[in-house]
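Undergrad: This is the structure I want to talk about, given as structure tokens.
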Amino acid sequence: MTNFLQQTLIHRDEHFIVINKPAGLLSVPGKGDLTDCVINRLLFDEPNTLLIHRLDRDTSGILVFALNKTAQSHISKQFQNRQTDKQYHALVSGHLMGEGSVDVPVNYDPTRPPLHIAEPAYHKPALTHWQAVEQFEINNQPVTRVKLTPITGRSHQLRVHMQYLGHAIVGDELYADEQACQLMPRLCLHAEQLSFFHPVTGKKLNFFCPAPF
């Protein structure tokens, strides 16, 4: 087993593996020479690794990969049909209280790649539930710890939705202002919890990986 798999593995059976993706590493190869990524590192140790879903480069947390085509199809369909339960942990700028939802479509902005924008008139819905957990300060700047539950899975959805609320995610180089961006050395967004049904037994599985911030 490689050091990468040893350091990141949460669960493994003959059908799939679950890992804790580090921040700053692509899930899949990027454009040009960007070949270093999670799936390529896993393929060194486990040649049967198959992609199911992905996280943004700067987001850390739970990723599941299939080890055979049947498991890949079964679990992928759960993601497509919203049968999975996902929860993220984030630090956002400012003091946010209570809980609520952001129900605003998110669309790619071709004039400013790779940015996405909240666009109410766009035809694909995007829905995020949020819950404030704790308010505190970093370097005398107010921040809030929040739980984020995406119901849809649009690119950059959580980052855009928190910016839309006026509480961009701390350390977000794309969507936070300079002050909030510099509070932490990384994007403070972590895929903390994932539930899905086992592709063979049908048993509901729940994986938890606490945020490192």
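Undergrad: Under 12 Å from a point placed 7 Å out from the Cα of N81 along the Cα-to-Cβ direction: which residues of the range 154-194 have their backbone N that close?
TA: none
Undergrad: Report K203's accessible area, 1.4 Å probe, all protein chains in place, as a number in Å² to the nearest 10.
TA: 130
Undergrad: In deg cm²/dmol and to the nearest 500, what is the mean residue ellipticity at 222 nm of the chain if only DSSP H runs of at least 4 residues count, each as -39500 (n - 2.57), divided by the residue total?
TA: Rounded to the nearest 500, it is -5000 deg cm²/dmol.
Undergrad: Could you give me the ³J(HN,Hα) list for the range 26-42, computed from phi with Karplus coefficients 6.51, -1.76, 1.60 and θ = phi - 60°, whole Hz, x at Gly and Pro?
TA: Using θ = phi - 60°, the values come out as 4, 6, 9, x, x, 6, x, 8, 7, 9, 6, 7, 4, 5, 5, 5, 5 Hz.
Undergrad: When all protein chains stay in place, what accessible area (Å², nearest 10, 1.4 Å probe) is found for D56?
TA: Surface open to solvent at D56 totals about 50 Å².
Undergrad: Setting aside same-chain residues fewer than 8 positions from K204, which aspartates and glutamates have a Cα under 14 Å from its Cα?
TA: Cross-link targets: D85.
Undergrad: How are the alpha carbon pair distances in the range 86-189 distributed across 10 Å bins from zero to the largest one, expressed in percent?
TA: 17, 49, 29, 4, 0
Undergrad: Of the accessible area of the chain, with the probe set at 1.4 angstrom, what percent is carbon plus sulfur?
TA: With neighbouring chains kept in place, the figure for the chain is 49 percent.
Undergrad: While we're on this one: Tell me the per residue accessible area of the chain using a 1.4 Å probe; a whole number in Å² is fine.
TA: Accessible area per residue, the chain: 50 Å².
Undergrad: Considering the range 1-68, what Rg and Dmax in Å follow from its alpha-carbon atoms?
TA: Rg, Dmax (Cα atoms, Å): 11.0, 34.
Undergrad: Would you mind checking which residues have amide H under 5 Å from L26's amide H? H placed 1.01 Å from N; only 5 or more apart, or other chain.
TA: When sequence neighbours closer than 5 places are left aside, the close amide H contacts are V38.
Undergrad: Sticking with this one: At 7 Å along the Cα-to-beta-carbon direction for both N3 and Q141, put a label point, then send me their distance in nm to one decimal.
TA: 3.2
Undergrad: Amide H of G94 versus every other amide H placed in the peptide plane: which residues, excluding those fewer than 5 positions away on the same chain, fall under 5 Å?
TA: For G94, whose amide H was placed from the backbone, the distant partners under 5 Å are V143, T144.
Undergrad: Assuming R0 = 35 Å, what is the FRET efficiency of E134 and K203, from their Cβ-Cβ distance, to the nearest 0.05?
TA: 0.60
Undergrad: Just to be sure I follow the definition: excluding the sites themselves, where is the longest run in the chain that has none of the GluC sites (Glu not before Pro) in a DSSP loop with at most 12 other Cβ atoms within 10 Å?
TA: 15-172
Undergrad: Follow-up question, since we're still on this one. List every residue whose amide H lies under 5 Å from the amide H of K21, counting only residues 5 or more places away in sequence or on a different chain, with H placed 1.01 Å from N in the peptide plane.
TA: Result for K21 returns G61, I62, L63.
Undergrad: Over 26 Å between C-alpha atoms is what I'm after, so list which of K31/K147; K31/K203; K21/K203 land there.
TA: The pairs that break the limit, which is 26 Å between Cα atoms, are K31/K147; K31/K203.
The values are calculated or read from the model by the stated rules, or taken from the named source; none is laboratory data. Model, not experiment: these values are computed from the prediction. Note that we place each Cβ from the backbone using ideal geometry, even for glycine, and neighbour counts take in every protein chain shown. What goes into the accessible areas is simple: the full protein's heavy atoms, side chains included, and nothing from ligands, DNA or RNA. Shrake-Rupley method; radii C 1.70, N 1.55, O 1.52, S 1.80 Å.
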